[in-house]
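Student: Take a look at this one; I'll ask things after.
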Amino acid sequence: MPGDEARVAEYYQSHLSEFQEPETVHARHILVRPEGEGEEAWRKAQERAMAVLRKAQAPGADFAALAKEFSEDPGSKESGGDLGWFERGRMVKEFEDAVFAMQPGEVKGPVRSQFGYHIILLEGKRPARQKPLSEVRDVIRFKLTEGLADAEASKRATALKEKITAGKLTTEEQWRGLADDVVSSNVTPFFSLDEGVVPGLGREPGFLEELKKAKEGFVGGPRRTPRGWVVYRVEKTRKAGQTPFAEAKDEAMEGARRLKALERLKAELAARRGEGLAKLAATYGVQVTPVKDHYRGTSIPGVGVAQVLEEAVFATPVGALTDVVVVGERGVALAQVEAKKVVTPAEVAAGREALRKSMVEDELQKLIDAMLAEAKRNQPMTLNRDLVERFKPAQG
């Protein structure tokens with residue numbers, strides 16, 4: 001067995017619980033809510049639920065149609081009461097106990113919960129099972145590759161900190177000199193340690209606690225964050241209280257100037273939208289960035305996650321240009337919609353394997369980029385392409 005296959009099998013055997021699939025059920029329900037408080041309201045709701053149950057248990061009954069007519073659950077009413085597949089722990093206990101005791105095709109009720117009375121149809125049931133290695137092989141490959149990339153990033157961050165400390169690198173210019181394809185250098189504005197957010201990194205409670213003890217000039221890290229490994233230097237600290245007037249005034253004026261500049265640029269671009277994307281890009285000396293297969297809530301290349309731009313894109317007809325939008329402090333954006341596609345559940349299932357392979361390829365590329373960048377900085381290095389190929393997902 002090749003070395004990488006042995007590692008995959010070893011990981012699988014030592015993490016069996018990670019690949020256990022719990023018992024799941026697929027159910028529909030009709031919810032009848034009490035109209036008011038007190039037992040009398042609940043009694044009347046039960047009577048109405050019993051009437052609906054008799055309809056649902058009648059031969060040839062269309063449960064989905066009955067749910068659309070009688071259910072008082074706004075979240076599932078229009079889908080015929082469909083709750084999809086779910087495991088234990090997802091529903092209220094009374095509902096869960098009832099549905100997991102049912103058999104496929106069975107209609108049961110009324111089941112009382114805090115929400116009202118439920119009439120339940122069990123569409124299907126899947127027993128708990130251990131996923132075989134053949135089914136999770138690419139998932140494990142991804143985990144192993146991700147682990148290699150993380151280890152390489154940790155090693156790189158440690159080396160950077162040593163270089164910063166040994167060289168006594170303290171200026172912004174010196175830190176920016178360390179940046180390359182996989183390392184970025186950023187300076188945060190002043191931020192409160194009590195607000196729970198580190199600019200550029202998000203919520204990092206442990207990081208904030210560490211910062212509370214740090215003094216000016218302290219070099220910390222490496223520290224793992226959702227954005228990657230971080231080495232940092234505390235440039236300045238300021239005691240709690242009001243920002244000095246002069247500093248606050250300068251910051252406010254700079255922010256106002258930038259906002260006005262962005263609004264002027266937005267208006268200028270809006271007036272010239274008719275010239276087309278390519279001509280506008282040439283005029284302003286920027287490049288048009290192709291974006292393929294964008295899904296809601298995902299990052300946009302060169303922009304990041306930008307809800308205002310995303311909303312503009314999804315509201316724009318195919319072939320047309322979006323409105324010009326201001327994307328925070330990052331600038332303004334204009335996009336042309338080339339195509340739209342509604343992805344069906346079947347297509348999602350069919351594309352899942354390709355997605356897993358793509359994720360593995362992405363992690364491999366991150367690892368390769370990090371290793372090559374370090375090699376360029378320090379010493380020659382030969383990349384073992386055979387090793388890289390062995391970690392790629394199997395074809396077919």
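The values are calculated or read from the model by the stated rules, or taken from the named source; none is laboratory data. If you're wondering where the values come from, they're calculated on a predicted model, not measured in any experiment. Here the Cβ positions follow ideal geometry from the backbone for every residue, glycine too, while neighbour counts run over all protein chains shown.
Student: Restricting to the range 48-60, name every residue that is aliphatic (A, V, I, L, M) and free of Cβ contacts under 8 Å to residues at least 12 places away in the same chain.
Tutor: ALA51, ALA58 - these are the residues of the range 48-60 that are aliphatic (A, V, I, L, M) and free of Cβ contacts under 8 Å to residues at least 12 places away in the same chain.
Student: If you take the residues of the range 224-245 that are within 17 Å of PHE191 (Cα to Cα) and surrounded by fewer than 12 Cβ atoms within 10 Å (Cβ to Cβ), which of them is modelled with the lowest pLDDT?
Tutor: GLN242
Student: So, in the range 85-94, how many residues would count as being within 30 Å of the chain's Cα centre (by Cα) and part of a helix (DSSP H, G or I)?
Tutor: Result for the range 85-94: 1.
Student: Sticking with this structure for a sec: Return the total of residues in the range 143-169 being touching an Asp or Glu at 6+ places or on another chain (Cβ under 7 Å) and outside any helix (DSSP H, G or I).
Tutor: 0
Student: Another question about this same structure. If I filter the range 51-60 for residues that are at pLDDT 95 or above, within 22 Å of GLU106 (Cα to Cα), in contact with a Leu (Cβ under 9 Å, 6 or more places away or on another chain) and of a type in the set (Val, Ile, Thr), do I get at least one hit?
Tutor: Yes; the residues of the range 51-60 include at least one that is at pLDDT 95 or above, within 22 Å of GLU106 (Cα to Cα), in contact with a Leu (Cβ under 9 Å, 6 or more places away or on another chain) and of a type in the set (Val, Ile, Thr).
Student: Continuing with the same structure: Every residue in the range 103-142 that is in contact with a His (Cβ under 9 Å, 6 or more places away or on another chain) and outside any strand (DSSP E or B), please.
Tutor: Correct list: PRO104, ILE140.
Student: Taking the range 149-170 on its own, how many of its residues are under 22 Å from the mean Cα position of the chain (by Cα) and not charged (D, E, K, R)?
Tutor: 2
Student: Do you know which of the residues in the range 14-29 that are small (Gly, Ala, Ser) and at pLDDT below 95 is nearest to the chain's Cα centre (by Cα)?
Tutor: SER17
Student: Here's another thing I want to ask about it. Within the range 1-41, which residues are part of a helix (DSSP H, G or I), of a type in the set (D, E, K, R) and farther than 29 Å from PHE86 by Cα?
Tutor: ASP4, GLU5, ARG7, GLU10, GLU39, GLU40
Student: Would it be correct to say that PHE86 is of a type outside the set (Gly, Ala, Ser) and touching a helix residue (DSSP H, G or I) at 6+ places or on another chain (Cβ under 7 Å)?
Tutor: So PHE86 does not fit the description; no.
Student: Give the number of residues within the range 183-223 that are of a type in the set (Asp, Glu) and either exposed (fewer than 15 other Cβ atoms within 10 Å of the Cβ) or assigned to a strand (DSSP E or B) (or both).
Tutor: 4
Student: Looking only at the range 52-72, count how many residues are exposed (fewer than 14 other Cβ atoms within 10 Å of the Cβ), small (Gly, Ala, Ser) and not in a loop (DSSP other than H, G, I, E, B).
Tutor: Residues flagged as exposed (fewer than 14 other Cβ atoms within 10 Å of the Cβ), small (Gly, Ala, Ser) and not in a loop (DSSP other than H, G, I, E, B) within the range 52-72 amount to 1.
Student: While we're here: Considering only residues that are in contact (Cβ under 8 Å) with a residue 40 or more places away in the chain and touching a helix residue (DSSP H, G or I) at 6+ places or on another chain (Cβ under 8 Å), which ones fall in the range 16-47?
Tutor: PHE19, GLU23, VAL25, ALA27, ARG28, HIS29, ILE30, VAL32, ARG33, PRO34
Student: In contact with a Phe, Trp or Tyr (Cβ under 8 Å, 6 or more places away or on another chain) and either of a type in the set (Gly, Ala, Ser) or under 19 Å from ARG112 (Cβ atoms) (or both) - does that describe any residue in the range 59-74?
Tutor: Taking every residue of the range 59-74 in turn, at least one turns out to be in contact with a Phe, Trp or Tyr (Cβ under 8 Å, 6 or more places away or on another chain) and either of a type in the set (Gly, Ala, Ser) or under 19 Å from ARG112 (Cβ atoms) (or both).
Student: Would you check if ALA240 is among the small types (Gly, Ala, Ser), in a loop (DSSP other than H, G, I, E, B) and not assigned by TED's automatic domain parsing to the domain that holds ALA159?
Tutor: yes
Student: List the number of the failed condition for ALA248; all other conditions in (1) surrounded by 12 or more Cβ atoms within 10 Å (Cβ to Cβ); (2) modelled with pLDDT under 85; (3) small (Gly, Ala, Ser) hold.
Tutor: ALA248 satisfies all of (1) surrounded by 12 or more Cβ atoms within 10 Å (Cβ to Cβ); (2) modelled with pLDDT under 85; (3) small (Gly, Ala, Ser) except (1).
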